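The structure's right below; bear with me while I get my questions together.
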Amino acid sequence: MGDQETVVSSDTRREQRIPPGQKQTGGFPVLHYGAVPRMDLDQWRFDLFGLVEQEVSLGWPEFSSLPRVKVFSDIHCVTGWSRLDNTWEGVSAGQVKELARLRPAAKFVLIHAARGFTTNLTLEDFFQPDVLFALKHNGKPLTPDHGWPVRLVVPRLYFWKSAKWVTGVEFLEHDRPGFWETAGYHNHGDPWKEERYGH
Ligand SMILES: Nc1nc2c(c(=O)[nH]1)N[C@H]1C(S)=C(S)[C@@H](COP(=O)(O)O)O[C@H]1N2
Ligand SMILES: [Mo]
């Protein structure tokens, strides 16, 4: 599996790769609400539901054998750190779209994760070519604190949209703010516009 196509996130091609108000770090801080959930591959499910013609529920054997991509991207956390040059490997959002026939009314997604965590995206942001459900970071399986077994990665928005311990995607007609968005974070989260808090 070492020869997937690599999608290069367009923000990594900017001349100045650090957005306003951010500082580069060489580390990889861990941030989330609550404790690291214990995930069990035998119980693990990935559910596509809401505005789909037919609901889809994949177990680990099915999900982990889907075609994979690699994505090269930068990370920008709203708390001020940026981590450049990350290579992710996983299942693209576009691949997930192939699994479920969306109803025409679908305009938004709400990403679901362990313990009721959620985050919201427009369908347009979700289906960008650099968005994936990552199983690996820099060639190694994710660690539990970074979201093992699967996390979403949305490279061009602040990192809180990149839900760890993902369990499913709900397709919606109307936008529904997620966990951090309800707690005061910006609804969209573009680091180049400093969409940090509010609206
Ligand atoms: N399930 C879940 N995913 C989450 C969060 C969370 O609280 N729960 N926090 C988000 C936030 S605020 C950030 S900054 C990133 C941090 O990811 P990292 O710990 O891999 O650096 O995870 C995001 N994904
Ligand atoms: Mo965050």
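Bear in mind these aren't lab numbers, they're just calculated from the coordinates by the rules spelled out. Everything numeric here is computed off the predicted structure, so don't read it as measured data. Cβ atoms come from the backbone with ideal geometry, glycine included; neighbour counts cover every protein chain shown.
Per-residue HN-Hα couplings for the stretch 17-34, Karplus 6.51 cos²θ - 1.76 cosθ + 1.60 at θ = phi - 60°, whole Hz, x for Gly and Pro?
In residue order, the calculated couplings are 8, 9, x, x, x, 10, 10, 6, 10, x, x, 9, x, 10, 9, 5, 8, x Hz.
Could you tell me whether the stretch 47-199 comes out rounded, prolate or oblate from its Cα gyration tensor? Rule is a ≥ b ≥ c as square roots of the eigenvalues, rounded for a/c under 1.5, then prolate if a/b exceeds b/c, otherwise oblate.
Note, shape of the stretch 47-199 comes out oblate.
Counting only C-alpha contacts under 8 Å and six or more residues apart, can you give the relative contact order of the stretch 1-108 as a whole percent?
33 percent
I need the phi-derived Karplus couplings for the stretch 147-153: 6.51 cos²θ - 1.76 cosθ + 1.60, θ = phi - 60°, integer Hz, Gly and Pro marked x.
Running phi through 6.51 cos²θ - 1.76 cosθ + 1.60 with θ = phi - 60° gives x, 3, x, 9, 10, 7, 10 Hz.
State the number of lysine pairs found in the chain whose Cα atoms come within less than 25 Å, restricting to pairs 8 or more positions apart or on distinct chains.
22
For the stretch 1-50, which trypsin sites (Lys or Arg not before Pro) pass both filters: DSSP loop (anything but H, G, I, E, B) and at most 12 other C-beta atoms within 10 Å? Kindly include the intermediate steps, with their values, before the conclusion.
Details: sites: ARG13, ARG14, ARG17, LYS23, ARG38, ARG45; in loops: ARG14, ARG17, ARG38.
Those that pass, being in a loop and sparsely packed, are ARG14, ARG38.
Select from the stretch 1-73 those GluC sites (Glu not before Pro) which occupy a DSSP coil region and have at most 16 other Cβ atoms within 10 Å, ordered by residue number.
GLU5, GLU15, GLU53, GLU55
Now a separate question. I want to verify a result. In a Gaussian network model of the chain, Cα cutoff 10 Å, which of these has the top mean-square fluctuation: ASP175, ASP40, ASP145?
Highest fluctuation of the listed residues: ASP40.
If each residue of separation counts as 0.36 nm, what is the full-extension length gain between SER10 and HIS174 once their alpha-carbon separation is subtracted?
56.2 nm
Let me ask something else. Report the residue, chosen from SER57, SER82, SER92, that carries the largest GNM mean-square fluctuation when the chain is represented by alpha-carbon nodes joined by springs under 10 Å.
SER57
Spin-label point model (7 Å from Cα, Cβ direction): what's the LEU102 to ASP190 distance in nm?
Here the answer is 1.9 nm between the modelled labels.
Within the stretch 135-197, list the GluC sites (Glu not before Pro) lying in a DSSP loop whose Cβ has at most 15 other Cβ atoms in a 10 Å radius.
Counting only loop positions with at most 15 other Cβ atoms within 10 Å, the GluC sites (Glu not before Pro) in the stretch 135-197 are GLU173, GLU194.
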